[in-house]
Amino acid sequence: DSGVTQTPKHLITATGQRVTLRCSPRSGDLSVYWYQQSLDQGLQFLIQYYNGEERAKGNILERFSAQQFPDLHSELNLSSLELGDSALYFCASGRTSGDNEQFFGPGTRLTVL
Amino acid sequence: QQPVQSPQAVILREGEDAVINCSSSKALYSVHWYRQKHGEAPVFLMILLKGGEQKGHEKISASFNEKKQQSSLYLTASQLSYSGTYFCGTVDTGAGSYQLTFGKGTKLSVIP
């Protein structure tokens, strides 16, 4: 158990819908990272927040957005969902904003029908 | 551009050794290694930084050749528990952040 929690574990929705994935980092960690893992694309970095502020942005679509709240939990919002958005979404947390080990949560499996 | 890992897959018998390689076309600040078992989240193994600093588990060894932009993970006397997919993640010196770019993974299967 990494200490990072993610909800929900599974999510099934339809194309065009909007969903919110939630992540709580390990106690004491200030950075939250979001990743998308699919069979063809592998593990792809989406976005990083540090202490409430966006720190780095990767291959995140405009239809996706994220934020980190004062209590350090983070939410990833996915809108206008397409079939290709079906994937495993991981959140990870790290102690600092720098180059540190990342602790991954159990993931949310999103299925878009 | 993501780093290239080799081999893509390897099967070992318990007790055998393996080397997993990770190669990038970009100048690297650091290399991370993670292991992911089927149906589980990736688990941190090691960070190798420019200048030779390493942070990670004592039983894992790895190398980082900054000039060649390559890293290798050494698995010795493999155990059944080593099975999983190993990912290297790289931090590019020119990225402006510490975001990780992961390779496609090396699937390691250890059999009795």
So, in segment B:51-89, how many residues would count as being touching a residue at least 24 places away in the same chain (Cβ under 8 Å) and either within 13 Å of chain A (Cβ to nearest Cβ) or within 17 Å of B:His32 (Cβ to Cβ) (or both)? 17
Does segment A:6-30 hold any residues that are under 14 Å from A:Leu76 (Cα atoms) and either without any contact (Cβ under 8 Å) to a residue 60 or more places away in the chain or surrounded by 16 or more Cβ atoms within 10 Å (Cβ to Cβ) (or both), and which are they? A:Gln6, A:Leu11, A:Val19, A:Thr20, A:Leu21, A:Arg22, A:Cys23, A:Ser24, A:Pro25
Of the criteria (1) touching a residue at least 60 places away in the same chain (Cβ under 8 Å); (2) open to solvent by 20 Å² or more (accessible area, probe 1.4 Å); (3) under 10 Å from the mean Cα position of the chain (by Cα), which one B:Lys26 fails: (3)
Quick one: which strands (runs of 3 or more DSSP E) lie wholly within segment A:13-67 and hold at least 3 residues that are more than 14 Å from chain B (Cβ to nearest Cβ)? A:19-24
Among residues of segment B:28-44, those that are under 16 Å from B:Gln5 (Cα atoms) and more than 7 Å from every other protein chain (Cβ to nearest Cβ), counted: 7
Which one is most open to solvent (accessible area, probe 1.4 Å), of the residues in segment B:91-112 that are outside any loop (DSSP other than H, G, I, E, B) and within 11 Å of chain A (Cβ to nearest Cβ)? B:Thr101
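The values are calculated or read from the model by the stated rules, or taken from the named source; none is laboratory data. Here the structure is a predicted model, which means the values were calculated and not measured. Cβ: placed from backbone, ideal geometry, glycine included. Neighbour counts: every protein chain shown. Just the protein is used for accessible areas: all its heavy atoms, side chains included, with ligands, DNA and RNA removed. Shrake-Rupley method; radii C 1.70, N 1.55, O 1.52, S 1.80 Å.
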